[in-house]
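Chemist: Please find one structure pasted underneath; my questions will follow.
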Amino acid sequence: MTPEFGHYALVLALALALIQATVPLWGARTNDAALMSVAGSTALAQFVFVAASFAALTACYVASDFSVLNVFQNSHSAMPLVYKFTSVWGNHEGSMLLWVLILALFGALVALFGANLPASLKANVLAVQAWIACAFYLFILVTSNPFARLAHAPAEGRDLNPILQDIGLAVHPPLLYLGYVGFSISFSFSIAALIDGKIDAAWARWVRPWTLVAWMFLALGIAMGSYWAYYELGWGGWWFWDPVENASLMPWIAGTALLHSAVVMEKRNALKVWTILLAILTFSLSLLGTFLVRSGVLTSVHTFATDPSRGVFILGILVVFIGGGLALYAWRAPALKQGGIFAPISREGALVFNNLFLTAACATVFVGTLYPLALEALSGDKISVGAPFFNLTFGPLFVPLLIAIPFGPLLAWKRGDLLGAGQRLIAAVALGIVALAATLAIQRGGPVLAPFGIGLAVYVMVGALIDPVERTGLFRVPFATALARARGLPRSAWGTAVAHFAAGMLLFGVIAESQWNAERIVSMKPGDTVSVRGYDLTLDGLLPRPGPNYRELVARFTVRQGGAVVDVLEPSKRTFPQRQMSTTEAALLTRGASQLYLSLGEVGPDGAIAVRLYHKPMVLLIWLGAVVMVLGGALSLSDRRLRVGAPKPARKAALQPAE
Amino acid sequence: MTRKQRRLTLIGAGLGVLGLAAGLVLYALNDAIVFFNSPTDVLEKNVAPGARIRLGGLVKPGTLTRGDNLNVRFEVTDGNKSVLVTHVGILPDLFREGQGVVTEGALEPGGTFKAETVLAKHDETYMPKEVADALKKQGHWKTEGGYGLAGPSKGAAK
């Protein structure tokens, strides 16, 4: 019964979405308040039905109901309970259900918290949301029904792919989808504004928190995915420039640009047409990501079996929404009123600079990801575009952007003073040069790139703090006064400083890990010792150990530093009999922000085991940087002006400095 | 500055950055991409020794030998021709004889292929697309039962 219930709830959600996609739109055209208000209630009801459908699938997984094809293919009765929950979205059908669940969640949130939106805008936004929802409900029901039954229920399931049997699966996909799908809100707002033909600073103020939320989740999702790949795949790499990774990076970069251009629109009523375009492009890239991941047109180390009919269906969705969105844009955008003007050297100018470089960097990732596909279609040659390509293109484009980061917040709106900003940044430049020289001195003849990268990272970090330090008068006035002023600063200013600081942290981690990573690959017998950067690891022995649905071979290592025992590490290899697969469980030893990384290979004919050992300096800064960046986003989100939102007269807003 | 001049500055800057990006992309596309070859391609196209390429196909059953110090040798075949591959290091978890594999490296003057990386696949039902195409070209593509049956999705896998 449960699967049929879930299936039926999904069909009802589609029916509700069809109503929500049409009636409010008609209401907005005829200015009929009753018809427009249909949008809110259908959005909430839709969410309830999708949630019920999702709960039904989850119940099937928890109960190990192998009469459901999807459960049979991706679950096993002996699997730990937490993986029974997470394997709901550890497969194509279930993850699409999670996709629409999150889409419906965002729709419901707009319905709940959009009370201060003008009625027609709210109706249009929710109607556009429902179009997207309809397309994906149809996609699930027609090509990827998660509730399909098997005529004869097998006694045991085929187990979840062992690589996915990890806590990473609980965290990464939901976060990523919250990001991907969250951008649908900015898309819907843009399309609604184009339909209305009206757009102003208040619009930007409504859109910005939604964009910020999506951006934060996407950042966390990408970072968690990267950390998961780092410890689970056993190669010690955290970013592979794999098409699937690029597919999530592109909307994030475009979303970063969107956040910044929306600031200009909100404060200065300029860049409107550009902001709308960016919002459409950002969600288009999210859809493109879904297409690339779901259709399997690209070869990726993450590619699993795929079904071409799904690819064609998603391609259809892609063409309709991206093509339709851009066509509507081309038709209606010229009608939007031009905004204010500004000098090239100004806060607006700096944000435009940011947008130019971010979109150019995004474009290079786009080319690198899709070029192999185009080339194969045109010439039949098969190529792979990997890290060297992206290091040569993406890297150089980010350098000017990073140099410019500290300047942005120091420039005034309308007309800024570049020289003045430069003078205020002297401390940052000086510390950056000190860091560069210190790195040169310490590493003596190491990689050339490292000192410059570290210097730039320190400059960005210090530079990000200059604005709050100056505004609070820290080091100039008594500490208590500075603290009081710090509380008085708008949270969005803190958010900016923290997020920019985090960009420096991330860069520091990336440079340190990529330039100073030490690697040893050796074959070891019990009693052997391998050393890296002052750590001596002795293999004490190999022991087999049973797990719930796997067997594992554990290697026990004692880690010593200068003769003293630091820790014991137990990397292992797991074999999952159901799927005839094995996975490598790396062991990590964290010391400060650096890590020792130990993983196992095969046991050779002579009884020796292959061991891969890395020392990764400052590697944790990569993910900590992402987390701190998200904290910056959260601070900015808590800014009072975004909560008060809505079109208050400028004078009144000015009287309410954030707490 | 008038509105027109400002707009021109903006457009100029935009074109400048896009031009820079395009230049970098073109340079990198000349320099930093790797072509995929099947064993037949390698032998027929006379790929120059030392050029960085990808070689993909099936691991020929019975050819995998493990030497000392993590040296491994195996043959990659597309059913028509096969190429001997040497590699030093740890093979991925799902490396199996008779299964698809993609390796990246360069040909040595003697005609063996020295692989720097051997790429993993993440699922037992998955075959790298290039390998599948290369096998189809040689007429060795078998659609056995279970192949292409929905495995775990890769989006969730990442």
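Chemist: Can you list residues from other chains, or at least 5 along the same chain, whose modelled amide H is less than 5 Å from the amide H of residue A:581?
Modeler: A:576
Chemist: Summing -39500 (n - 2.57) over the DSSP H runs of n ≥ 4 in chain A and dividing by its residue number, what mean residue ellipticity at 222 nm do you reach, to the nearest 500 deg cm²/dmol?
Modeler: -21500 deg cm²/dmol, from helical runs alone.
Chemist: Under 5 Å between amide H atoms, partner at least 5 residues away or on a different chain: which partners does residue A:473 have, H built in plane at 1.01 Å?
Modeler: Long-range HN contacts for residue A:473: none found.
Chemist: Farthest toward the dipole's positive end in chain A, which of A:67, A:557, A:228, given Cβ charges of +1 (Lys, Arg) and -1 (Asp, Glu) about the Cα centre?
Modeler: In chain A, that residue is A:228.
Chemist: For the stretch A:194-257, calculate the relative contact order in percent as a whole number, restricting contacts to Cα pairs under 8 Å that are 6 or more residues apart.
Modeler: It rounds to 33 percent for the stretch A:194-257.
Chemist: Here is a follow-up. Among B:76, A:82, what is the fewest-to-most ranking by other Cβ atoms within 10 Å?
Modeler: Sorted ascending by nearby Cβ count, the order is A:82, B:76.
Chemist: In percent, what relative contact order does the stretch A:1-165 have, based on Cα pairs under 8 Å that are 6 or more apart in sequence?
Modeler: 36 percent
Chemist: Please report the projected area of the protein assembly as shown's Cα convex hull averaged over all directions, in nm².
Modeler: Approximately 37.1 nm², given one-decimal rounding.
Chemist: Same structure, new question: Using every pair of alpha-carbon atoms in the stretch A:518-616, split the distances into 10 Å bins beginning at 0 and state the percent of pairs per bin, rounded to integers.
Modeler: Here the calculated profile for the stretch A:518-616 is 15, 49, 28, 7, 0.
Chemist: Taking only C-alpha pairs under 8 Å that are 6+ residues apart, what is the relative contact order of chain A in percent?
Modeler: Once divided by the residue count of chain A, the mean separation gives 11 percent.
Chemist: Can you compute 3J(HN,Hα) from phi for each residue in the stretch A:435-441, using the Karplus curve 6.51 cos²θ - 1.76 cosθ + 1.60 with θ = phi - 60°, rounded to whole Hz and x for Gly and Pro?
Modeler: 4, 4, 5, 4, 4, 4, 5
Chemist: Karplus couplings for the stretch A:11-20 from phi (6.51 cos²θ - 1.76 cosθ + 1.60, θ = phi - 60°), rounded to Hz, Gly and Pro as x?
Modeler: 5, 5, 4, 4, 4, 5, 5, 4, 5, 5
Chemist: If I take R0 = 22 Å and measure r between the Cβ atoms of residue A:438 and residue A:483 in this structure, what FRET efficiency does the formula 1/(1 + (r/R0)^6) give, to the nearest 0.05?
Modeler: With R0 = 22 Å, the Cβ-Cβ based efficiency is 0.10.
Chemist: Quick one: in the stretch A:219-263, what % of C-alpha pairs are over 14 Å apart?
Modeler: Roughly 55 percent, rounded to a whole number.
Chemist: Still on this model: Rounded to whole Å, give me the distance from the Cα center of the stretch A:1-42 to that of the stretch A:511-558.
Modeler: 57 Å
Chemist: A further question on this structure: I need A:36, A:524 ordered by Cβ neighbour count within 10 Å, fewest first.
Modeler: The most exposed by this proxy come first: A:524, A:36.
Chemist: While we're here: If a/c stays under 1.5 just call it rounded; otherwise compare a/b with b/c (prolate if a/b is bigger, oblate if not). Do that for the stretch A:587-635, with a ≥ b ≥ c from the square roots of the Cα gyration tensor eigenvalues.
Modeler: prolate
Chemist: Express in nm, to one decimal, how much length is gained between residue A:379 and residue A:521 on full extension, taking 0.36 nm for each residue of separation and deducting their alpha carbon distance.
Modeler: Taking residue A:379 through residue A:521 to full extension adds about 47.2 nm, to one decimal.
Chemist: FRET efficiency for residue A:567 and residue A:78, Cβ-Cβ distance as r, R0 = 41 Å, nearest 0.05?
Modeler: Once the sixth-power term is evaluated, E becomes 0.85.
Chemist: Just how many % of Cα pairs in the stretch A:178-419 lie over 23 Å apart, if you round to the nearest whole percent?
Modeler: When every Cα pair of the stretch A:178-419 is considered, 54 percent fall beyond 23 Å.
Chemist: For the stretch A:107-121, just list the computed ³J(HN,Hα) in residue order, Karplus coefficients 6.51, -1.76 and 1.60, θ = phi - 60°, integers in Hz, with x standing in for Gly and Pro.
Modeler: In residue order, the calculated couplings are x, 5, 5, 4, 4, 6, 9, x, 4, 8, 6, x, 4, 6, 5 Hz.
Chemist: Where does the stretch A:1-165 land on Rg(C-alpha)/(2.2 N^0.38 Å)? Could you put the intermediate results ahead of the total?
Modeler: Numbers: Rg = 17.9 Å, N = 165, 2.2 N^0.38 = 15.3 Å.
Computed over Cα atoms of the stretch A:1-165, the ratio equals 1.17.
Chemist: From the cross-link list A:122/A:198; A:382/B:45; A:122/A:267; A:573/A:616; B:81/B:114, which pairs have alpha carbons spaced over 19 Å apart? Intermediate values should be presented prior to the final figure.
Modeler: Numbers: A:122/A:198 13 Å; A:382/B:45 14 Å; A:122/A:267 22 Å; A:573/A:616 22 Å; B:81/B:114 17 Å.
Violating the 19 Å Cα-Cα cut-off are A:122/A:267; A:573/A:616.
Chemist: Okay, moving on. Can you sort A:10, A:178 by how many other beta carbons sit within 10 Å, fewest first?
Modeler: A:178, A:10
Bear in mind these aren't lab numbers, they're just calculated from the coordinates by the rules spelled out. Computed from a predicted model, the values in this text were never measured in an experiment. We place every Cβ from the backbone using ideal geometry, glycine too, and count neighbours over all the protein chains shown.
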